[in-house]
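Notes follow the structure.
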Amino acid sequence: MKSNSKLEKILEGGHFAITGELGPPASANPEVIRKKAKYLRGNVDAVNVTDGQTAVARMASWAACLLGKEEGLEPTVQMTCRDRNRIALQMDVLGIAALGINNLLCLTGDHQVFGNHPTAKGVYDLDSIQLIKMVKDMRDEKKFQCGDDMDVEPRLFIGAAANPFADPFEFRVVRLANKVAAGADFIQTQIIYNVEKFAQWMEAVRDRGLDKKVKILAGVAPIKSVGAARYMQTKVPGMDVPEAVIERLKGVPKEDVPKEGVRQCVDIMNQLREIKGVAGIHLMAIEWEEVVPEIVEQAGLLPRPQVYQA
Amino acid sequence: MLTTEQKPLEQLLEYLDREKSVFLIGCRGCAEGCHTGGEQEVLDMKQRLEEAGKTITGTSLIDFMCNESLVRMTLQAHEDAILSAESLLALCCGIGVQATSSVVDKIVHPGCNTVSMGGRHGEWREGERCMECGDCVLEFTGGICPIARCSKMLLNGPCGGSSDGKCEVSPDVPCAWQLIIERLTKLGRLDKLERIVAPKDWSVSLMSGAASKR
């Protein structure tokens, strides 16, 4: 094992994994994390804690991870290249490993113009692929990016994102191959509503044998309202929401839309599970964490496997 | 004046690794003033590359390589020599490399690093093209600069926000990586992107703080 990660053990054990997501508050309130953790504990194998998602200043991912860990979660720190240069990133990598956090998801990050500080200076000293490589070299070679040695390495299970729906489509698999070559152990994809297009991408992934080299977790998210679906369809770059998904939600009375959104999410999970090379699901019930137990239950993914963690 | 420094010969030979024949271009503007791409430097480069076993199919000196239409006109006179070369090597600033790339459907290797634009942008005024990063990356990006034109300055792009050829930041901003991939696809050199580009040396860039270097 590369780390003490529960997620790594579950995936390596051949189990179908499920991970969740938790957004830290835009405040210093630890209770928000504790409350959200209740819905996730025991229902998912690991929980991604976002790093200033949509470029809004929030509680640091590592700090929220520590609070989540106290509540019994297996946290995954998300780390973006937007706000920190290679020095700060490495300092945080060492810190989170020392705090007993086992999983790290390496991201480029949403551009600062989308957030609440659009006049901020973007850093982007590294990109996500360079970040993956840097963390891998720290873990496996005990080397800093500059080449200096360290005595105790950060034993982290390294994750990366993939967006099968961004353009140019044909290049997306090349980019995944580069992430795998850089050192990614697991992949969490963009939210999937267009299962057919995702299946096409997976076919190209299998053609290159990448599903054998990296564990791919397919991203899903339940939709709460028709308006939210329409927003994702038209306003979020790199999202593919087919009209049929919206039509299904429009087909039920307004008060039943959240329930239908949950059912739709479960249906998509079941379809994804059938695609060869999919090792698990990444469930992003953002600001709707209370629905996670129900979704995981309906998808027949409970109880979660127990693994030994040192 | 736009200030350039010649890249080390070893780096240029790495760029030319897969190629035997190359067409050489120099600039009689700023690069001549910097002694990085004038007549003498083009002759010197020709000799050094021939010593390294390369065939130089021709050379050309252009008054201002930042003038795209002048580059187009001048290179037309060398069409046969350019067509018989596998690639071009341009001894000039990053603007000149991009102007050449925009008129020739071949890989244009940057022969110099642009260390300062001296407050100017050459004669090709439309849009930002060079950020004087001091460690030119146009070699593997098909002559389109991701430092100047990608919102996140990615070296291993595109990010997940690229959609319909546009940047996530605005539908008015073309995705530089879409352009790079299209160009390298057209040239049959997408292999240039099938490797991981290492973190950049920002210490040679003005973006690290003007006082730190110059």
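Answer with yes or no whether residue A:252 is among the hydrophobic types (A, V, I, L, M, F, W, C), surrounded by 14 or more Cβ atoms within 10 Å (Cβ to Cβ) and assigned to a helix (DSSP H, G or I). Here the answer is no, as residue A:252 does not meet what is asked.
For the structure I just gave you, tell me whether residue A:162 is more than 11 Å from every other protein chain (Cβ to nearest Cβ), at pLDDT 95 or above and crowded, with 20+ Cβ neighbours inside 10 Å. Judged against the criteria, residue A:162 is not a match. Among the residues here, residue A:59 qualifies as assigned to a loop (DSSP other than H, G, I, E, B) and either away from chain B (no Cβ under 11 Å) or in contact with a strand residue (DSSP E or B) (Cβ under 6 Å, 6 or more places away or on another chain) (or both). Determine, yes or no, whether residue A:133 is modelled with pLDDT of 95 or more and away from chain B (no Cβ under 11 Å). No, not satisfied. The sole residue among A:174, A:241 that is within 11 Å of chain B (Cβ to nearest Cβ) and crowded, with 16+ Cβ neighbours inside 10 Å is A:174.
Quick grid of which residues meet (1) farther than 26 Å from residue A:176 by Cβ; (2) exposed (fewer than 14 other Cβ atoms within 10 Å of the Cβ):
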residue: A:230; (1), (2): yes, no
residue: A:274; (1), (2): no, yes
residue: A:304; (1), (2): yes, no
residue: A:309; (1), (2): yes, yes
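Only a single criterion out of (1) at positive phi; (2) touching a Leu at 6+ places or on another chain (Cβ under 8 Å) is not satisfied by residue A:278, namely (1). Based on what the data block shows, is residue A:119 of a type in the set (Val, Ile, Thr), assigned to a loop (DSSP other than H, G, I, E, B) and either out of contact with any Lys or Arg (no Cβ under 9 Å at 6 or more places or on another chain) or within 10 Å of chain B (Cβ to nearest Cβ) (or both)? It is true that residue A:119 is of a type in the set (Val, Ile, Thr), assigned to a loop (DSSP other than H, G, I, E, B) and either out of contact with any Lys or Arg (no Cβ under 9 Å at 6 or more places or on another chain) or within 10 Å of chain B (Cβ to nearest Cβ) (or both).
Let's see how each residue does on (1) touching a strand residue (DSSP E or B) at 6+ places or on another chain (Cβ under 7 Å); (2) not in a helix (DSSP H, G or I):
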| residue | (1), (2) |
| --- | --- |
| A:36 | yes, no |
| A:66 | no, no |
| A:78 | yes, yes |
| A:90 | no, no |
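No other residue among B:188, B:143, B:111 is surrounded by fewer than 18 Cβ atoms within 10 Å (Cβ to Cβ) and more than 13 Å from chain A (Cβ to nearest Cβ) apart from B:188. Close contacts from the stretch A:192-218, counting a first residue that is crowded, with 18+ Cβ neighbours inside 10 Å and a second that is among the charged types (D, E, K, R), with Cβ to Cβ under 7 Å and a gap of 6+ residues or different chains, come to A:193/A:240; A:194/A:240; A:201/A:172; A:205/A:211; A:214/A:185; A:215/A:185.
The values are calculated or read from the model by the stated rules, or taken from the named source; none is laboratory data. This is a predicted model, so every value here is computed, not measured. We place every Cβ from the backbone using ideal geometry, glycine too, and count neighbours over all the protein chains shown.
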